[in-house]
Number of protein chains: 2
Amino acid sequence: MSNPTAAILIIGNEILSGRTQDINVQFIAKRLAARGIKLQEVRVVPDVPERIIGAVNELRAAYGSVFTTGGIGPTHDDITSECIAAAFGVPWELHAETFAEMQAYMLPEKFNAARQRMATMPRGAVPIRNEASVAPGFSIGNVHVMAGVPRIMQSMFIALEPSLPAGEPIEMRAVYGMGVMEGAIAAGLSAIQDKFAQVDLGSYPFRQGSEWGVAFVAKGTDVAALEAAIAEATALLATQDVTPVQGEPGGA
Amino acid sequence: MSNPTAAILIIGNEILSGRTQDINVQFIAKRLAARGIKLQEVRVVPDVPERIIGAVNELRAAYGSVFTTGGIGPTHDDITSECIAAAFGVPWELHAETFAEMQAYMLPEKFNAARQRMATMPRGAVPIRNEASVAPGFSIGNVHVMAGVPRIMQSMFIALEPSLPAGEPIEMRAVYGMGVMEGAIAAGLSAIQDKFAQVDLGSYPFRQGSEWGVAFVAKGTDVAALEAAIAEATALLATQDVTPVQGEPGGA
């Protein structure tokens, strides 16, 4: 059960103001689980240097990998890259190879100061080249710096993925029943959790149309134990005069 | 500019595993902005007592209000309430009034130990009664403890809202242009930000169909300054041979 660990740091005034609905966490979380990396924390901080620097340093000390999203574009509010340099205590300087690549890609009159800034990185950073954008993300130490725009972030994450540590895949099995109230089965479910200590067993009420249901979700690396726990949870649901359905509500 | 501050703490294995797409942050963030409260941080932590207790204590010391979501149901994985008691160093005990209300609402054979647990709160907590659920959330000090299920959380937040501090509403004005590249206008935009220091001016690339665009978003409490900044940003977009559109892409 010693899966590698990770955190996500979202640099995003637009999330904190409610302007933007984040969808990056779920994408990264699912890919990490499939790779056997345990996502242990997510933080969202504003575009303020000391907040970014402080969070990067706390998270990179606490977890195996840190993934940041947001703040690496060409505008004045894109300050992630220089904050990462400050967090690592290294100079923030032109990355010659990236500069050359971007220069080759653009008309000279388009490669202005703002765009040249996107070729500037903390010393020692390794670019995350990707298919969505000529301006790369970068990795330094255990910190991986990616764009906030989901399409570009996803392309960067996919490019980065093969270089990440891997653990035993964290599998999920689920069962649900409509019309079941959590309060009615809580004691039985707790007994199942006690029996399968290596399984992380969660209970999630949800609504489908006008009806409430409960989903039990078992997570862990021991597939046999997951399936045994879900079999018992299925039997528990059946005591409530409902027809348990394997899997997640709404498919999956 | 001394708006009250806030943080959100999501207690949620289901978010960290990628099972669930959080939508609570955006709901709370928008309501806080309308009330003039500045959301300064969001954290997601797993259902682990020391992680919850540590985060609650850090956040309640750092911000004016803390809103937690998740982990107050009747099942074994619902541990938020006792962790809040531990964070405040107070006993976790039956809340007599809530117990009586739940007892009156349910058939005696349904009011089992698991459901009685939902009437247990940190000593000194004030229930957040709401329309969605007979089991309330609660407030203690500056920490407001709410359900994770969006429908129930929203009902609790709405019930809580009138008792929250209020500041000058944080307003937003926006303009966007399709086909504009951030890199082309970054210098001009930076000059506008410098001119209107009391405005928080962000630049957000987005995709609509197969085309990229850029939205400029001005936030702050000084509406005249927001509108002046957006007027200049509109003129900046017009230099790019596009027709600027007031407001957010996709309406709003």
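The values are calculated or read from the model by the stated rules, or taken from the named source; none is laboratory data. This one's a predicted model, so the numbers in the text were calculated from it and none came from an experiment. Don't worry about glycine lacking a Cβ; one is built from the backbone with ideal geometry, like all the others, and counts go over all protein chains shown.
Quick notes
- Some residue of region A:118-132 being touching a strand residue (DSSP E or B) at 6+ places or on another chain (Cβ under 8 Å) and either assigned to a helix (DSSP H, G or I) or not assigned by TED's automatic domain parsing to the domain that holds A:Ile84 (or both): no
- Region B:187-222, subset among the acidic types (Asp, Glu) and not in a strand (DSSP E or B), residue nearest to A:Val149 (Cα to Cα): B:Asp194
- Region A:63-116 - residue that is aromatic (Phe, Trp, Tyr) and more than 18 Å from A:Phe138 (Cβ to Cβ) and, of those, farthest from the other protein chains (Cβ to nearest Cβ): A:Tyr63
- Applying the criterion of being among the acidic types (Asp, Glu) and either outside the structural domain of A:Ala55 (by TED's automatic domain parsing) or assigned to a helix (DSSP H, G or I) (or both) to the residues of region A:74-113, the residue that is modelled with the lowest pLDDT is A:Glu109.
- Qualifying position, being of a type in the set (Lys, Arg) and within 8 Å of another protein chain (Cβ to nearest Cβ), among B:Arg60, B:Arg35, B:Arg43: B:Arg43
- Matching option when the condition is surrounded by 15 or more Cβ atoms within 10 Å (Cβ to Cβ), more than 20 Å from B:Phe111 (Cα to Cα) and modelled with pLDDT under 95, among A:Ile230, A:Ile170, A:Ile192: A:Ile170
- Residue among B:Arg19, B:Arg51 that is within 11 Å of another protein chain (Cβ to nearest Cβ), surrounded by 22 or more Cβ atoms within 10 Å (Cβ to Cβ) and under 29 Å from A:Ser190 (Cβ atoms): B:Arg19
A quick yes/no check of all residues on (1) over 14 Å from the mean Cα position of the chain (by Cα); (2) outside the structural domain of A:Thr234 (by TED's automatic domain parsing); (3) under 30 Å from A:Gly73 (Cβ atoms); (4) not small (Gly, Ala, Ser):
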residue	(1), (2), (3), (4)
A:Val143	no, yes, yes, yes
A:Gln154	no, yes, yes, yes
A:Gln198	yes, no, no, yes
A:Ser203	yes, no, no, no
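- When we screen B:Ala225, B:Ala184 for residues that are modelled with pLDDT under 95, in the same structural domain as B:Val242 (by TED's automatic domain parsing), out of contact with any Gly (no Cβ under 7 Å at 6 or more places or on another chain) and in a helix (DSSP H, G or I), the only hit is B:Ala184.
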